[in-house]
Amino acid sequence: MLENMRTGMALYDVQEFHLIAVNNRFKLFLQEYLCPGKSYEEALGCPLATLLPPPKEVARGILNIFRAVVETGQSYEVDKFPIPMAGKGLTYWQWTLDPIRDDNGTITHLLHSANDVTEHVLALQQAEQVYTSLTQTAHSIDAERKRLEVIEAVARSVRESFDIKTIGQSAIDAIQAAFNPTCITIHVADALQRKLHLLHIFASPDIEGIKNILQEVPYDSELFVGGIHRHKQPIIIENLQASMQKSEFDSNRLAVIFGIQGYICIPLWSGEQFEGALTASFREYIHAESAQAKTLEGCGMHIAAALAQARLHAEIEQEQMRLRAVLAQLPEGIMLVEAPHGRIQYVNAAATEITGITASEQIDFQMQNASLEPYLTDIQGNPIAPERLSTNRALRGETINGLETLLRRQDGKEVFLLTSAAPLRTDDGTIIGAIVVFQDITTRKSIEQQKNEFLSITSHELRTPITAIQGFAEILQLRANEPEHPNTFRSQHALVSIIDQSKRLSRLIDEILDLSRIESKRLLLNIRSHDLIQTLTQVIESQLIMTKRHTIHLVLDGVTAQDTLTGYFDEDRIIQVLNNLINNAVKYSPNHYEIEVGLRFSGEKADEALIWVRDHGIGIATNELPHIFERFHRASNLDRSISGLGIGLYLVNELVARHGGHIQVESTEGKGSTFSVTLPLHPVHTD
Ligand code: ADP
């Protein structure tokens, strides 16, 4: 049975391990390994040392095992003992070496079993190799997945943000969560100032101080990050400390101070635009091919793109803000509307002021599908068809210049608008909206209207005396041809009328000239000392001569007709003021003939006189009172047959003001009016 076992068996004595017996299987082993040239018979009885082939180290090792078993009495067992065999290469053997004892327990023999397990071991080794390479592949796939995950996390966190600060923070948070760098920074480039500004930093607590140093890094700084704009590729330093010792990077000693080993600096390029830099510092060595280096490079691309996008966004916003600031300051109303429906996008402050609707109200207004359209008419007050509105015309591509319209505001005020509008187009000509610019021309319109009225009144007023003069002159001409009646009553009347009408004509012309002098600041006063009581009585006397039906009653309060009340004024102009007020009192009291002219000290100041002219005529409506001193203003309750240019009171007011005084009116419609002039008596400096 032993002979035919698959395991080789051999028996040795314990003195020099002579081979005593072997089975068939061991014989093969003997021939193949131990003594390839010898026969089994020759090997029997030989000590093991003579049987073992070179190399010596293997032989010595085997002998040591044999000796150890004898010395210790412990069996020896090995799974795969490597034995090089000529022609076969390395073979593996499963071995046992057991001591055999006699009855006394003394080891007398060693039993050696040997089993060739080469095939099994090789198969196992192969399987192990396959396993190892599979594990390596799995590892690198895992590392790549992790790398992509970090890049994706950074990309996701920066993609949606237009805010540069958020980009910095979220990118650094994502990177920090993935690796364990001791410091990460993102700087943004300032091409104008040629420096980098620190956008965000993570620094482990023990190197916090690095923040201050990295706040601003000029392009010409010796720090790596300062010069990174000159590089397209990252700078990766495996071991900064070693580099420093070789004094390659002398200026970056900081890194040494902060105990940094591995260092990565990635330039952030978006196309040809340098946006800034991403750096990461590690306490361990960083290989150029390391996962960290590759991942950060990948992150850098996304951060650069996000920074570029945020920068453009900020530039556009700034541009828009500048534009809006300009628009907001403009005195013209500006409205921007969107195509195709004309939804209001923007209105400036002037537009709000003019239309009386705030920007948000205008937008709300439109939300409710309402629009300003029903409130806009042409200047005659006729409705404008929607398609003729300037906004809609501009949205259809038309440019409108100087269109006049009338807006009835919600507060009831009517505003005349001068509107221009133009379409807003993209480069390819598509209309994306319209800009509407409008001015409030109400004041201009009303001046224009007053001017037109003035011209028509003036021509009418001038024509009346001229026609009368012509008529009376013709009568005189006819009379002259009748020598027998040269001085009849009719001739006398014609002469008086011609003189009256000429005076009226010259008064009108004087008023117009005074108006123009005042407007152009050419009216000069001839201020001297005069007795005001005398001036006043003189005016009343001459008025009494002229007036036919009215009586003018002088009231002196606190002074007598014999007193002298010296004042400094231009007498002609004060006479003009008084005549004007008395003429108006006469003119606007067609049915009540009592007129009172009074004089007293003003009461407020001792050297100020107060003169009043009171009538009981048609009076002035309360709503007209604030306007009657305005140029060309004539009250609406007037019988238009009462002549006048509407500039008398304007001149009176101006003349009194030039003397340092002021005029007031109290009036009740249908009951009469009192005009009161206060006049300083002391010399007043006027311009
Ligand atoms: P006018 O040439 O029309 O008289 P004024 O400037 O002197 O121009 O007066 C302006 C307007 O003030 C008049 O048209 C009239 O409506 C009103 N007014 C002036 N004085 C009186 C008055 N005494 N009584 C009533 N209305 C007056």
Q) Cα-Cα over 32 Å: which of Lys521/Lys605; Lys146/Lys195; Lys445/Lys503; Lys521/Lys587; Lys521/Lys548? A) Lys146/Lys195; Lys445/Lys503; Lys521/Lys548
**Q.** Evaluated at q = 0.06, 0.08, 0.09 Å⁻¹: base-10 log I(q)/I(0), Debye formula over Cα of the chain
**A.** -0.75, -0.91, -0.97
**Q.** In nm, spacing of pseudo-spin labels at Asp163 and Arg6 (7 Å Cα→C-beta vector)
**A.** 7.6 nm
Q) Simple spin-label model, 7 Å along Cα-to-Cβ: Glu57 to Glu119 in nm? A) 3.0 nm
Q: Could you point to the residue in Leu655, Tyr33, Gln233 farthest towards the positive end of the chain's charge dipole, with +1 and -1 charges on the Cβ of Lys/Arg and Asp/Glu respectively?
A: Leu655
Q: Towards the positive end of the charge dipole of the chain, with charges on Cβ (+1 Lys, Arg; -1 Asp, Glu), say which of Leu11, Gly89, Leu625 has the farthest Cα.
A: Leu625
Q) Which longest run of the chain has no exposed loop site in it, a site being trypsin sites (Lys or Arg not before Pro) in a DSSP loop with at most 10 other beta carbons within 10 Å, and the site itself not part of the run? A) 7-231
Q) Roughly speaking, what is the stretch gain from Thr72 to Ile213, that is 0.36 nm per residue apart minus the C-alpha to C-alpha distance, in nm to one decimal? A) 43.7 nm
**Q.** P(r) of the stretch 582-687 over all Cα-Cα pairs, binned every 10 Å from zero, in whole percent
**A.** 14, 45, 31, 9, 0
(Q) Mean Kyte-Doolittle hydropathy of -0.5 or higher plus an axial Cα length of 18 Å or more: which whole DSSP H helices in the chain meet both? (A) 56-72, 118-159, 164-178, 291-329, 442-480, 489-519, 532-546, 571-587
(Q) For the stretch 407-490, which GluC sites (Glu not before Pro) pass both filters: DSSP loop (anything but H, G, I, E, B) and at most 13 other C-beta atoms within 10 Å? (A) Glu484
Q) Which GluC sites (Glu not before Pro) from the stretch 145-223 combine a DSSP loop assignment with at most 16 other Cβ atoms within 10 Å? A) Glu160, Glu208, Glu222
**Q.** Rounded if a/c under 1.5, otherwise prolate or oblate - the stretch 1-122, Cα gyration tensor axes
**A.** rounded
**Q.** For the stretch 615-661, size of Cβ-based charge dipole, Lys and Arg +1, Asp and Glu -1, in debye
**A.** 140 debye
Q. Which of Thr137, Ala434, Gly276 sits farthest toward the positive end of the charge dipole of the chain, with +1 on the Cβ of Lys and Arg and -1 on the Cβ of Asp and Glu?
A. Ala434
Q: Report, in debye and to the nearest 20, how large the dipole of the stretch 1-140 comes out about its Cα centre when Lys and Arg carry +1 and Asp and Glu carry -1 on their Cβ.
A: 340 debye
Q. What's the FRET efficiency of Gln233 with Arg322 using the Cβ-Cβ distance as r and R₀ = 35 Å, to the nearest 0.05?
A. 0.35
**Q.** Theoretical FRET efficiency, 1/(1+(r/R0)^6), r = Cβ-Cβ of Glu149 and Glu289, R0 22 Å, to 0.05
**A.** 0.70
Q) Nearest 0.05, what FRET efficiency do Asn637 and Ile141 give at R0 = 60 Å with Cβ-Cβ as r? A) 0.05
Q) Cα gyration tensor of the stretch 489-602, axes a ≥ b ≥ c as square roots of the eigenvalues: rounded (a/c below 1.5), prolate (a/b > b/c) or oblate? A) oblate
Q: Kindly provide the helix-only [θ] at 222 nm of the chain, computed as the sum of -39,500 (n - 2.57) over DSSP H runs of four or more divided by all residues, to the nearest 500 deg cm²/dmol?
A: -13500 deg cm²/dmol
**Q.** Pairwise label distance in nanometres, Lys521 with Gln329, each label 7 Å out on the Cα-Cβ vector
**A.** 2.7 nm
Q. With charges set only on the Cβ (+1 for Lys and Arg, -1 for Asp and Glu), what does the dipole of the chain come to about its Cα centre, in debye to the nearest 20?
A. 1300 debye
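Taken together, the values in this text are just the output of simple stated rules run on the coordinates, not laboratory data. Because the structure is predicted, anything quoted here is derived from the model rather than measured. In this analysis, Cβ positions are derived from the backbone assuming ideal geometry, glycine residues included, and neighbour counts consider all displayed protein chains.
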